[in-house]
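First up is the structure itself, then whatever we jot down about it.
The values are calculated or read from the model by the stated rules, or taken from the named source; none is laboratory data. Just so we're clear, the structure is a prediction, and the values are computed from it rather than from any experiment. Here Cβ is always computed from backbone atoms with ideal geometry, including for glycine, and neighbour counts include all displayed protein chains. Only protein heavy atoms, including side chains, enter the accessible area calculation; ligands, DNA and RNA are left aside. Shrake-Rupley method; radii C 1.70, N 1.55, O 1.52, S 1.80 Å.
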Amino acid sequence: MKKILSLLLVTALIMTSLAGCGSKASEKPAKDSKTLKVECLLNGNLGDKSFFDSANNGMKLIKDQLGCETKVVEMGFDNTVWESDLYEACDSDYDVIVVGTYQMQELLQKVAPEYPDKKFIIFDSEVKADNVYSITFKQNEMMYLAGALAATLAQDKEKTNGSGTISAVSAMDIPVLNDFLVGYIQGATETVPGTKVITSMIGDFSDTARAKELATAQINAGSAVVFHCAAQAGLGVIDACKDKNTLAIGVDADQAMALQKDDPEASKIIVTSAMKNIDQVLLRAIKKHQDGTLPYGKTEALGMADNAVSLADNEVFRSIVPQDTIDMMAGLEKKIQNGDIKVKSAFDMSTEEITALKASVAL
């Protein structure tokens, strides 16, 4: 009997010991699988149906597909509050802080070195710091295609006024927006020589009334297709095109689909959009962060081959653009990707060269 009791006691001790080991083993993955916390600061507001909405969608994808805890802060257009908002984010327990645009470049360059244990991602701009990953876009590549499309449609008297003139409304005279215009002009004039391109500048990213006024003036001057690179203000351009029954090209997101529910009449005249797929590049970046392969301290310039930029292909596009034009654009895209077409970039041009290029195609 004593032997049996001794055996039972030993067995119980062994089982208790194994249970303890099992408990410790299960605790380790819980520690290693700590939820990554990602915060995105927008130096503007949601509802632009383009740039900031795309970033917000990226944060949704990061939460849904990668299981991260996410937070989006709308800082608005008052740049006097951006620095304090950035410091507040850095002092929080979020692991990765995401910001975007050239307007956040100087602030992040100052703040990031003060928080060496934090990781930062900046999109559509570049900051040199060991804990910052920078994303720039080859927007000139997609804009070559946008220019080719606009110039071709501007010859079609069934689809447009057939004037051979196109236009662009830009928010500001800055390198990244000039990169849009350089690609647009090159694509238009190489596809249809002699195309005229009217360019106008708003002065900021939020003045929709001024944007509508400029676009209306361009249409009255004969523009057959109007492109905008103006974020929130660009909604004024689309409104002008709707009023004037003129084709528009949106920016940064698929604006035809974004407006389809709230403004179906506007949606119908947005033939395509020159998209910076900010949502996809942010998702890509956080995936790489989780894998330990995101190259902090470096800048990556992402283009069509990376699914970072593209033209929207949707039901509106297919209903307006003839198949032979679609095929032509596919051929041009292939030539850009294999290097047969070299698209110029504003980042490689002087201010004088950019000004001269715009003047060379003006009415």
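Free of any trypsin sites (Lys or Arg not before Pro) that DSSP assigns to a loop and that have at most 13 other C-beta atoms within 10 Å, the longest stretch within the chain is 158-260. Using the alpha carbons alone, the radius of gyration of the range 250-363 stands to its Kirkwood radius in an Rg to Rh ratio of 1.04. Divide the volume of the convex hull around the Cα atoms of the range 130-247 by the residue count and you get 98 Å³ per residue. Indicate the gyration tensor shape class of the range 53-96 (rounded, prolate or oblate), computed on the Cα atoms with a ≥ b ≥ c the square roots of the eigenvalues: a/c under 1.5 is rounded; otherwise a/b larger than b/c is prolate and the rest oblate. Verdict is oblate for the range 53-96.
The accessible area of THR355, taken with all protein chains in place and a 1.4 Å probe, comes to roughly 80 Å². The spread of Cα positions in the range 224-299, taken along each principal axis and listed from longest to shortest, comes to 51, 23, 17 Å.
Helix-only arithmetic for the chain: the sum of -39500 (n - 2.57) across DSSP H runs with n ≥ 4, divided by the residue total, places the mean residue ellipticity at 222 nm at -15000 deg cm²/dmol. Each principal axis of the range 72-197 carries a Cα extent, and these read 59, 27, 21 Å when sorted largest first.
The stretch between LYS34 and SER360 holds 111.6 nm of extra length on full extension. This uses 0.36 nm per residue minus the Cα-Cα distance.
Counting only lysines at least 8 places from LYS128 when in the same chain, those with an alpha carbon closer than 16 Å to its own are LYS110, LYS118, LYS119, LYS298.
By the rule of a C-alpha distance below 20 Å, with chain neighbours fewer than 8 residues away ignored, the lysines paired with LYS196 are LYS157, LYS159, LYS244, LYS344, LYS358. Partners of LYS261 within straight-line reach, counting aspartates and glutamates whose Cα lies under 16 Å from its Cα and excluding those fewer than 8 residues away in the same chain: ASP48, ASP53, ASP239, GLU315.
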